[in-house]
2 protein chains.
Amino acid sequence: MTAHYDRLETRPQTERQMAQFACLMAQIAHAKANAPYYRDVLRDVDPAAIADRTALAALPLTRKSDLIALQRATPPLGGLATVPPTALRRLFQSPGPIYDVQGHARDYWRLGRALHAAGIRAGDLVHVGFSYHLTPAAMMIEEAAAALGCVTFAGGTGNTEQQVQALADLGATAYAGTPSLLSILLDRARELGVRIAALKRASVAAEALPAALRERFAAEGIHVRQWYGTADVGLIAYEAEALPGLIVDEGVLVEIVRPGTGEPVADGEVGEVVVTLLHAPEYPLIRFATGDLSRFLPGESRCGRTNVRLEGWLGRADQAVKVRGLFVHPAHITEVMRRHPQLLRARLVIARRGLSDDMTLKCEVDPSAEGSLPTTDDLAETLQLITRLRGTVQLLPLGSLPNDGKVIEDLRNLT
Amino acid sequence: MTAHYDRLETRPQTERQMAQFACLMAQIAHAKANAPYYRDVLRDVDPAAIADRTALAALPLTRKSDLIALQRATPPLGGLATVPPTALRRLFQSPGPIYDVQGHARDYWRLGRALHAAGIRAGDLVHVGFSYHLTPAAMMIEEAAAALGCVTFAGGTGNTEQQVQALADLGATAYAGTPSLLSILLDRARELGVRIAALKRASVAAEALPAALRERFAAEGIHVRQWYGTADVGLIAYEAEALPGLIVDEGVLVEIVRPGTGEPVADGEVGEVVVTLLHAPEYPLIRFATGDLSRFLPGESRCGRTNVRLEGWLGRADQAVKVRGLFVHPAHITEVMRRHPQLLRARLVIARRGLSDDMTLKCEVDPSAEGSLPTTDDLAETLQLITRLRGTVQLLPLGSLPNDGKVIEDLRNLT
């Protein structure tokens, strides 16, 4: 089970970077030429100049949260598609609603790599534990299973007794779905006195996999690995044999940026996951801000795969809040920091005091920075200028704030 | 919209018959050579001798209702498959449970022909109104849509508000699912004040399409056509432009037999639908008794398609009932008729009299038959011998019994 999916996984990083940025240039040129949205937002971009991560980081973000408005303004796909909807393979609806697409490429969402890394192979019978209705998760597995040469069984998310019976009668050797449904099916099998002996591997996603659940599956003889992705971009990263960490897929470029901005964080810091698809002819997504938080792990996996690794899903980045009737965005805090470069990190904490909202900007300052340090009054003035809200400021020593990706922390109990 | 799907549909019946029986011989040889079940049940059959419908009618039936026991005895597919389950494309579970398969052929269930006859074409966006979970109906549509070059949206059977929103936002031009769900979605759209203006065509199945519902769809600008099939054999027959009647698919041979037997009824009589797949390399079904009732319509469709037509689904043939604790099968009644060849038709009517079950065999007799007519006492004696139950017998003139395919009619109100 140590074999890699293809030789892309083990190529040297320099080779990967060369190949990926060559793809990216072609992808950007294609998007500009054929998708009205990109023709507009990438108007002044020379595709041939996007040769490294620094150049990539200067391109505008497209936020998942913006897709609703974009799609409403230019139905159905916001001008992001290079072809009419009738030239696609399938359309999907995620909550929002946000419409997602499947193009014509084999294994369109590239999940074959993740199932393979979980040990799933040709001839496995894969029991699918995602819903097939409206959203694309189950079809992602179907396409990957077809690419690998697996047989599938569409379990869906209800009918747990029938699913348990099918698992036993058909002898599924692998499961692909949410970890919670797998746990429910194992419980149900025990209640019904049904043995599910053939099930040996599981590929799970779409929610957290607590360590205790991973151990429970292992105790039942099921080897489980996670993948992380979204309905828009497909696979982003996947666990292989060696833990910890989710190895980034070969078909995407991943950046971790300060929430509310497009600026990459320092290596190892928590931030928002931004994904660029390297080859998506029908529906290019360039610097697509997922709204998810993660961070890069240092070094490489022991399994021989050379791509960078993510820690996994660490929460949601969309921390915009309403304070005394006005919106405060993570981008506001970034702007405060831009105006006071001596600030290393900042976090706005919102609390309720009596009947009013209380806003405190907690800042880590760099004592070695050039120029005089700003006073708390200076900072409070900038904060008010940018947010139109009064707040207090606390200066803190380096390392005081938790590294959890939160730029705005809302402590108000609104229930 | 008058174009045919291929030239198979308009070939002369003699050409069709030659080609189909050549396929059938190869299929029977393949099944005997590779599927343990057929090796057994077709042991004494020479494939080359099955050259016409008379020879076909002598082959044993495989009943849908037998599949549960066959599959339980030889899991998972009862020895009917020619390949191991891992060499299939998908597996499904229908109520029973009966496990169904999808092999590797493009448009495995041959539904492309039915969608085409309903006017659905490449570039249509098809909203799928079947469940994708456990059973294969939705995947039948998916495979057909892919073959035609249509885009699909997986509506499923719940979430009607989201489905209505998707219908409106994406502008689906066609619907494929149950007629009742389409009706529900149109009602819901009206409640929500949402216009579904792009929807022009519908292909419906899996339940009856009452005339009133067809008219309602037409009044909303939706051209609707039905198809009829099962999870086991796929498409059996489909409506085209010209009504009435469902034209038999080019990939199957259909027989109509007396329920409980393998004997074809006279042309135009109601009986059980028996289907033989002409090309199913992984999972041959030869004289598969569906348990559904239908009958052939005389003549040909005005649309130019030359194959025979079915009236559609006319109920269930599996009319086994329990009378005073004992099972009575349609085959019992057939056996009574076999012993008294002067009976032309017979129908067992079960009613409740006081606290007991009352059983009456109603028989049409042929006054011109050779030999003396049996008395009601003779017939009651045979009935008791075969069913181990006492019953009364009524002799009726020719044409007294309704032509509805019912051999056993249960009038007991058990609620």
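Only one of A:LYS406, A:LYS322 is under 21 Å from A:VAL270 (Cα atoms) and among the basic types (Lys, Arg); which?
Exactly one of A:LYS406, A:LYS322 is under 21 Å from A:VAL270 (Cα atoms) and among the basic types (Lys, Arg), namely A:LYS406.
For the stretch A:30-55, which positions are surrounded by 12 or more Cβ atoms within 10 Å (Cβ to Cβ) and part of a helix (DSSP H, G or I)?
Scanning the stretch A:30-55 gives A:HIS30, A:ALA31, A:LYS32, A:ASN34, A:PRO36, A:TYR37, A:TYR38, A:ARG39, A:VAL41, A:PRO47, A:ARG53, A:ALA55.
When you look at B:LEU182, is it open to solvent by less than 30 Å² (accessible area, probe 1.4 Å) and not in a loop (DSSP other than H, G, I, E, B), yes or no?
Yes; evaluated as a whole, the condition is true for this residue.
Give the residue, chosen from B:ALA197, B:ALA212, that is open to solvent by 20 Å² or more (accessible area, probe 1.4 Å), farther than 21 Å from B:THR290 by Cβ, within 14 Å of another protein chain (Cβ to nearest Cβ) and of a type in the set (A, V, I, L, M, F, W, C).
The unique qualifying residue is B:ALA197.
Scanning for something of a type in the set (Ser, Thr, Tyr) and within 21 Å of B:SER65 (Cα to Cα), does the stretch B:370-391 turn up at least one residue?
Yes, that holds for at least one residue.
Given the criteria open to solvent by less than 20 Å² (accessible area, probe 1.4 Å), more than 22 Å from B:GLU241 (Cβ to Cβ) and among the hydroxyl-bearing types (Ser, Thr, Tyr), does B:TYR108 qualify?
Answer is no for this residue.
Which of the following residues is closer than 20 Å to A:LEU277 by Cβ, in contact (Cβ under 8 Å) with a residue 24 or more places away in the chain, assigned to a helix (DSSP H, G or I) and more than 7 Å from chain B (Cβ to nearest Cβ): A:ALA105, A:ALA114, A:ALA146?
None of the other options fit; the residue is A:ALA114.
For the stretch A:336-359, does any single residue satisfy the condition of being among the polar types (S, T, N, Q), under 15 Å from A:LYS406 (Cβ atoms) and surrounded by fewer than 20 Cβ atoms within 10 Å (Cβ to Cβ)?
No - not one qualifying residue is present in the stretch A:336-359.
Give me a count of the residues in the stretch B:68-97 that are open to solvent by less than 30 Å² (accessible area, probe 1.4 Å), at pLDDT 95 or above and within 13 Å of chain A (Cβ to nearest Cβ).
Result for the stretch B:68-97: 10.
A:GLN27 fails exactly one of the following numbered conditions: (1) buried (at least 18 other Cβ atoms within 10 Å of the Cβ); (2) away from every other protein chain (no Cβ under 11 Å); (3) part of a loop (DSSP other than H, G, I, E, B). What is the number of that condition?
That leaves (3) as the condition not met.
What number of residues in the stretch B:153-170 are outside any loop (DSSP other than H, G, I, E, B), within 15 Å of B:LEU199 (Cβ to Cβ) and either within 7 Å of chain A (Cβ to nearest Cβ) or open to solvent by less than 20 Å² (accessible area, probe 1.4 Å) (or both)?
Counting residues in the stretch B:153-170 that are outside any loop (DSSP other than H, G, I, E, B), within 15 Å of B:LEU199 (Cβ to Cβ) and either within 7 Å of chain A (Cβ to nearest Cβ) or open to solvent by less than 20 Å² (accessible area, probe 1.4 Å) (or both) gives 8.
In the stretch A:295-323, which residues are modelled with pLDDT under 90 and under 15 Å from the mean Cα position of the chain (by Cα)?
A:GLY312, A:TRP313, A:LEU314, A:GLY315, A:ARG316, A:ALA317, A:ASP318
With surrounded by fewer than 18 Cβ atoms within 10 Å (Cβ to Cβ) and over 26 Å from A:CYS23 (Cβ atoms) as the only criterion, which of A:GLY260, A:GLY268, A:GLY299 stands out?
Just one listed residue meets the conditions, A:GLY268.
Can you tell me which residue in the stretch B:220-245 is farthest from B:THR14 (Cα to Cα), limited to those that are within 13 Å of the chain's Cα centre (by Cα) and open to solvent by less than 10 Å² (accessible area, probe 1.4 Å)?
Checked the stretch B:220-245; the qualifying residue farthest from B:THR14 (Cα to Cα) is B:ASP232.
What number of residues in the stretch B:122-143 are within 10 Å of another protein chain (Cβ to nearest Cβ), among the charged types (D, E, K, R) and open to solvent by 10 Å² or more (accessible area, probe 1.4 Å)?
Residues in the stretch B:122-143 being within 10 Å of another protein chain (Cβ to nearest Cβ), among the charged types (D, E, K, R) and open to solvent by 10 Å² or more (accessible area, probe 1.4 Å): 1 in total.
The values are calculated or read from the model by the stated rules, or taken from the named source; none is laboratory data. The shown structure was predicted, so the numbers you read here are calculated from the model rather than taken from an experiment. As a convention, Cβ positions derive from the backbone with ideal geometry for all residues, glycine included, and neighbour counts pool all protein chains shown. Side chains included, ligands, DNA and RNA excluded: accessible areas come from the protein's heavy atoms. Shrake-Rupley method; radii C 1.70, N 1.55, O 1.52, S 1.80 Å.
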